[in-house]
Protein chains: 4
Amino acid sequence: MTDNGRVPTTTPRPHPGRRTELLATAASVFAEHGYSATTVRRIADEAGILAGSLYYHFDSKESMLDEILSAFLDELWAGYDAVLAAGLAPRETLRALVTESFREIDRHRAAVAIYQREARHLAGHPRFGYLAASQERFERMWLKVLRRGVAEHAFRADLDVRLAYRFLRDTVWVAASWYRPDGTHGPEEIAEQYLSIVLEGIALRE
Amino acid sequence: MTDNGRVPTTTPRPHPGRRTELLATAASVFAEHGYSATTVRRIADEAGILAGSLYYHFDSKESMLDEILSAFLDELWAGYDAVLAAGLAPRETLRALVTESFREIDRHRAAVAIYQREARHLAGHPRFGYLAASQERFERMWLKVLRRGVAEHAFRADLDVRLAYRFLRDTVWVAASWYRPDGTHGPEEIAEQYLSIVLEGIALRE
Amino acid sequence: MTDNGRVPTTTPRPHPGRRTELLATAASVFAEHGYSATTVRRIADEAGILAGSLYYHFDSKESMLDEILSAFLDELWAGYDAVLAAGLAPRETLRALVTESFREIDRHRAAVAIYQREARHLAGHPRFGYLAASQERFERMWLKVLRRGVAEHAFRADLDVRLAYRFLRDTVWVAASWYRPDGTHGPEEIAEQYLSIVLEGIALRE
Amino acid sequence: MTDNGRVPTTTPRPHPGRRTELLATAASVFAEHGYSATTVRRIADEAGILAGSLYYHFDSKESMLDEILSAFLDELWAGYDAVLAAGLAPRETLRALVTESFREIDRHRAAVAIYQREARHLAGHPRFGYLAASQERFERMWLKVLRRGVAEHAFRADLDVRLAYRFLRDTVWVAASWYRPDGTHGPEEIAEQYLSIVLEGIALRE
DNA sequence: AATGAATGAGGTTTCATTCAT
DNA sequence: TATGAATGAAACCTCATTCAT
């Protein structure tokens with residue numbers, strides 16, 4: 001057990017299946033080129049097999065996407081739920097949620113990048129209805145935290161909570177597009193710096 | 001009304017630019033569905049012509065994308081250059097750059113959205129080398145402003161300028177994905193609220 | 001009147017029409033790239049107009065080809081008929097026919113090249129039935145000359161006339177693909193050298 | 001009949017080369033209709049598959065052409081090189097080269113016909129640079145043989161070697177357009193008759 | 001005579017998917 | 001599990017042709 005609970009995803013575990021490896025490959029290609037610009041053949045090439053062989057493991061290209069996104073969201077919400085269940089004060093809740101988000105980026109960078117790029121467009125399809133549901137839940141969660149924070153004088157009274165919500169949402173997830181974990185900073189450190197800007201601003205206080 | 005039979009120039013001239021119209025159509029479809037998921041036929045449908053007819057005006061789907069992005073970047077940099085030429089103090093420069101960015105989002109929402117989604121992926125292609133160039137110039141510009149601001153005590157001394165740069169960059173452009181100008185707030189007002197968060201933070205100051 | 005009756009085709013006569021100029025342009029493009037690889041736009045470009053404008057002058061691309069080929073064949077047969085009407089001996093008839101052929105190559109190089117390339121393929125189409133007719137007439141003409149020449153001891157008794165016919169036919173017309181009149185030799189001189197090889201062979205006689 | 005259940009190897013093996021079959025089909029269609037008038041669908045029809053299926057085997061229509069021509073030229077030069085390596089006298093070298101050429105026509109009729117029709121036009125494209133190279137090598141080879149023949153009194157002293165070269169070149173290859181091997185004469189016999197005309201001429205010797 | 005814009009048919013190519021082996 | 005070959009739909013693009021101006 002490591003002290004931060006991180007398990008590098010590159011370690012191939014005993015063998016929960018070729019599927020998992022292939023999904024990781026698919027996710028990384030989707031993340032790099034976008035879902036619709038990614039050909040099934042490209043994924044197969046990257047995995048060292050032929051395109052047709054993927055269909056032994058998956059129904060379709062879409063179902064790979066589906067598995068990637070739903071697995072990611074499941075984990076994400078498990079993390080969020082744990083935070084929310086802790087019953088912290090607004091400011092601490094916000095810190096914990098942001099930190100948890102950066103941990104998810106660290107673990108599922110590819111999935112987060114795919115989510116960022118494709119969610120709006122996919123949310124319309126019935127198969128991906130859970131994306132829209134998740135977005136709404138996400139929004140409710142943040143608005144609630146922010147409103148409580150304003151009410152309890154943790155956040156500025158003049159805060160436009162809807163704007164702040166979008167600000168936080170974008171700010172956090174877009175990081176997936178540049179954050180590379182090989183660096184010296186772990187997700188918690190990055191989160192800390194983000195929070196410093198979000199909470200205190202960049203201007204010098206007089 | 002004129003005595004030489006010429007129609008007043010305010011009347012829509014023979015075609016100040018069918019191209020321009022078609023590019024706007026293309027941009028809005030690219031923005032909505034993503035470049036590679038957009039079919040040329042969809043653009044044509046939206047424009048009320050047949051798919052093949054687009055090729056009277058453009059070489060290829062890719063060249064439409066190219067024109068959209070390069071026209072946008074040209075305008076964007078014209079705006080930025082005007083701001084930089086004004087020689088304002090760091091804090092005011094930052095305000096002006098952010099405000100200018102929101103104005104560009106207002107004018108070229110589709111182009112900005114496309115840029116957001118596709119730039120990283122495109123920057124590799126030789127044809128889109130100017131995207132990479134623009135990104136570097138963008139980074140240099142922001143880092144310079146932020147560093148000067150720290151040096152001149154406009155911004156916090158402990159600011160991680162690289163992180164703040166990414167923060168600003170993402171924060172500003174991602175707004176293109178949700179900002180809708182039909183609302184009551186113009187780009188300047190949105191910019192003002194963003195700046196308030198970025199500069200002062202969301203936490204209540206004691 | 002020149003002493004060989006040649007009129008350079010590049011001289012634009014008083015104005016028998018834009019048609020003639022355009023046909024010359026079309027012929028040269030067809031000759032260079034082949035009929036089906038030639039686009040109507042290419043012809044128009046070469047002529048300095050837009051593709052659609054060609055249709056003011058011609059019904060179709062095919063009708064341009066038709067005019068080019070039929071004009072060529074008309075002139076060719078006028079020349080051959082004059083030779084045949086002269087009632088020369090076989091050997092002199094052959095010389096005259098070959099010489100006349102080289103003159104036609106000189107005047108209608110493009111048309112000859114087109115004919116070479118496309119005749120076999122076109123002869124099937126009803127519209128180009130005259131090509132097949134011309135080919136048959138051509139064959140009959142040559143076989144007659146050769147047979148008479150054998151009978152009258154002008155040509156070798158062991159000559160395979162069908163093979164010799166093909167040999168002559170190919171040999172003469174293929175010259176259109178390399179013969180360039182800018183050189184120092186006129187068509188009559190080239191013909192003379194060809195005839196020397198055809199009649200006497202290249203081997204040294206002991 | 002074998003005791004290990006394996007089908008005797010004379011039975012069409014799994015696929016010694018579907019590619020090769022398809023190339024033969026493509027070559028025959030290209031030869032008949034010309035490269036650019038040939039549709040990929042026509043080739044596929046002739047092969048009994050769908051047009052798209054060709055792209056499992058080949059990159060493009062152009063790459064089929066490329067393979068056909070380069071395979072042909074490789075074989076052709078292997079044959080010529082064997083002849084040249086034999087170190088025969090000029091007259092015998094010429095006989096052997098012409099005979100070898102007719103053998104190639106016999107084996108690769110389609111490729112030769114395509115070469116005849118398209119080489120000049122293609123030699124410009126970078127991809128087909130080897131065509132130009134081959135043409136130059138061809139020319140050097142023939143000029144050398146002819147010049148040696150003149151010097152060694154095998155051929156007429158007054159021979160215009162450049163003209164004779166073109167004459168031979170055209171004469172030999174154009175035969176591909178009419179020569180059909182189903183006939184009673186093999187390529188060697190046709191070559192013999194050609195050589196008789198080329199060497200001795202058609203005129204009766206007094 | 002010529003332009004500018006479009007049509008519509010059809011061409012080449014791509015690609016997710018299938019399936020016998 | 002995976003391959004090799006193919007399908008079939010649809011994508012991008014080309015091009016001869018039309019037509020109002």
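What follows is calculated from the coordinates using simple rules that are stated; it is not laboratory data. The structure presented is a predicted model; accordingly, all values stated were derived computationally and were not measured. A quick note on method: Cβ atoms are made from the backbone with ideal geometry, for glycine too, and the neighbour counts reach across all protein chains shown.
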Dipole magnitude of the protein assembly as shown, debye to nearest 20 (Cβ charges: Lys/Arg +1, Asp/Glu -1, about Cα centre): 240
Calculate the spin-label point distance for B:Lys144 paired with B:Ala89, positioning each point 7 Å from the Cα along the beta-carbon direction, and give it in nanometres. 2.0
Simple label model, 7 Å out from Cα along Cβ direction - C:Ala123 to D:His33, nm: 2.0
Phi to ³J(HN,Hα) by Karplus 6.51 cos²θ - 1.76 cosθ + 1.60 over segment D:119-131, Hz, x for Gly, Pro: 4, 4, 5, 7, 3, x, 5, x, 4, 10, x, 5, 5
R0 of 60 Å, Cβ-Cβ distance A:Arg205-D:Ile49: FRET efficiency to nearest 0.05: 0.20
Please go through segment D:122-206 and write out the chymotrypsin sites (Phe, Trp or Tyr not before Pro) that DSSP classes as loop and that have at most 13 other C-beta atoms within 10 Å. D:Trp178
With θ taken as phi - 60° and the coefficients 6.51, -1.76 and 1.60, list the Karplus ³J(HN,Hα) couplings across segment A:96-107 in order, rounded to whole Hz; mark glycine and proline as x. 5, 5, 5, 4, 4, 4, 5, 5, 5, 4, 5, 7
Restricted to Cα positions, what overall size does segment B:45-147 have along the principal axes? Three whole-Å values, descending. 53, 28, 20
Length gain on complete extension for the stretch D:Asp59 to D:Ala151, per 0.36 nm per residue less the alpha carbon to alpha carbon distance? 28.2 nm
Measuring nothing but label to label, 7 Å from Cα along Cα→Cβ, what are A:Glu32's distances to the other copies in nm, shortest first? 3.2, 4.3, 4.5
Using θ = phi - 60° and the Karplus curve 6.51 cos²θ - 1.76 cosθ + 1.60, what whole-Hz ³J(HN,Hα) does each residue of segment B:160-176 get, with Gly and Pro shown as x? 7, 5, 5, 5, 4, 4, 4, 4, 4, 3, 5, 3, 5, 6, 4, 4, 4
As a quick test, which of the pairs A:Lys144/B:Lys144; B:Lys61/C:Lys61; A:Lys61/D:Lys61; A:Lys61/A:Lys144; C:Lys61/C:Lys144 have an alpha carbon distance above 31 angstrom in this structure? A:Lys144/B:Lys144; A:Lys61/A:Lys144; C:Lys61/C:Lys144
Which values, in whole Å and largest first, are the semi-axes of the equivalent ellipsoid of chain D obtained as the square root of 5 times each eigenvalue of the Cα gyration tensor? 37, 21, 16
Quick one: which residues, 5 or more positions from C:Phe155 or on another chain, have an amide H under 5 Å from its amide H? H modelled 1.01 Å from N in the peptide plane, none for Pro or chain starts. C:Val150, D:Leu204
Between C:Glu192 and D:Arg18, the FRET efficiency computed from the C-beta separation at R0 = 45 Å comes out, to the nearest 0.05, as 0.25
Using +1 at the Cβ of each Lys and Arg and -1 at the Cβ of each Asp and Glu in segment C:61-200, identify which of C:Gly129, C:Leu76, C:Gln193 lies farthest towards the dipole's positive end. C:Gly129
Spatial separation of Cα centroids for segment C:33-86 and segment A:187-205, in angstrom: 77
Taking trypsin sites (Lys or Arg not before Pro) as exposed when in a DSSP loop with at most 12 other Cβ atoms inside 10 Å, chain B has its longest clean stretch at B:7-204
Distance-filtered residues of segment C:54-89 - backbone nitrogen under 20 Å, label point 7 angstrom along C:Arg137 Cα→Cβ: C:65-88
Mind jotting down the three principal axis lengths of the protein assembly as shown based on Cα atoms? Whole angstrom, largest first. 126, 102, 49
